[in-house]
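The values are calculated or read from the model by the stated rules, or taken from the named source; none is laboratory data. Note that this is a predicted model, so its numbers are computed, not measured. Here the Cβ positions follow ideal geometry from the backbone for every residue, glycine too, while neighbour counts run over all protein chains shown. These area figures cover heavy atoms from the full protein model, side chains too; ligands, DNA and RNA do not enter into them. Shrake-Rupley method; radii C 1.70, N 1.55, O 1.52, S 1.80 Å.
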Amino acid sequence: MATKSTEDKQPSRPRNAAGTREQLLKAAAPLFARNGYEATTVSQIAQAAGFSANLVTRYFGGKEGLFLAAMETRLNLDSTLPGSIDSLGQRLADRIVDRWERQGDADPLLALLRSASSRPA
């Protein structure tokens, strides 16, 4: 039986936990936003990020942990809240639509909306 020499092995990339974690989050957000929680698989996310699926478990404890981390968002409402209470709903709706137009599939609010029926938690 022939064995591979060290010269035949593929070079491995240097380990970078923070970078790997960030790449997984970056790959997960648009997939969750486009497909929702249930239709997005760990394998799809790992493939999009260029990593093995077991790294999702290592860094996030699984799909749900990755989903929660990818959905973290900050809503800067300082310019939206001031004004008449009568027009608050319209201002909030305008703000969300503006986010979707700027961020597209990467907006966590869109992923949360598409996943709400399947993942109440």
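With respect to being in a helix (DSSP H, G or I), modelled with pLDDT under 85 and either open to solvent by 70 Å² or more (accessible area, probe 1.4 Å) or not basic (Lys, Arg) (or both), residue 19 falls outside the description. Mind checking which residues of region 25-41 are open to solvent by less than 40 Å² (accessible area, probe 1.4 Å) and assigned to a helix (DSSP H, G or I)? Within region 25-41, 25, 27, 28, 29, 30, 31, 32, 33, 36, 37 meet the criteria. One residue stands out among those in region 80-121 that are polar (S, T, N, Q) and closer than 21 Å to residue 37 by Cα: the one that is modelled with the lowest pLDDT, which is 117. If the condition is being open to solvent by less than 50 Å² (accessible area, probe 1.4 Å) and either at pLDDT 95 or above or under 14 Å from the mean Cα position of the chain (by Cα) (or both), then region 42-52 contributes 42, 45, 46, 49. Within region 61-86, residues that are without any contact (Cβ under 8 Å) to a residue 12 or more places away in the chain have Cβ atoms under 7 Å from residues that are surrounded by 11 or more Cβ atoms within 10 Å (Cβ to Cβ) and in a helix (DSSP H, G or I) in these pairs: 83/91, counting only partners at least 6 apart in sequence or on another chain.
Restricting region 58-83 to residues that are open to solvent by less than 50 Å² (accessible area, probe 1.4 Å) and of a type in the set (A, V, I, L, M, F, W, C) leaves a set whose member that is farthest from the chain's Cα centre (by Cα) is 77.
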